[in-house]
1. Quick check for you: which residues of region 24-58 have the amide N under 19 Å from the point 7 Å beyond the Cα of Met64 toward its beta carbon?
2. Provide the per-residue ³J(HN,Hα) series for region 27-44, in order, calculated from phi with Karplus coefficients 6.51, -1.76, 1.60 and θ = phi - 60°, each as a whole number of Hz, with x at glycine and proline positions.
Amino acid sequence: MIDSRDPSPAGTDGRSHHFRRGKWVWWVFAAIALFYLLTEHRAHLFGVLPYLFLLACPLMHRFMHGHHGAHKSHDRDTGEGGDGHGRQ
């Protein structure tokens, strides 16, 4: 007699199969939607692209430059004291 409460072997569970299939269908739909968005709105995207680069400049400066307080560790390396750039 087979008990329906017993866990089924891995991969044969109907629920996980439907979950994987649904996930696959979602990714295919997302890829098709992205393709149509890019092809239909290419002119708008390329028109805004220079402004996006200009907007990225202050953001990159802010997040990639680091904190100004992080330069204090260079004082020990130079041996000259001051601000780490040879200035007192």
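1. In region 24-58, the label zone of Met64 (backbone N under 19 Å from the point 7 Å along Cα→Cβ) covers 49-58.
2. 5, 5, 4, 5, 5, 5, 4, 5, 4, 5, 4, 5, 6, 7, 10, 4, 4, 5
Laboratory data are not the source of any read-out in this text; all were calculated from the coordinates shown. Worth saying up front: this structure is predicted, and the values here are computed from it rather than measured. Positions of Cβ are backbone-derived with ideal geometry, glycine not excepted, and every protein chain shown enters the neighbour counts.
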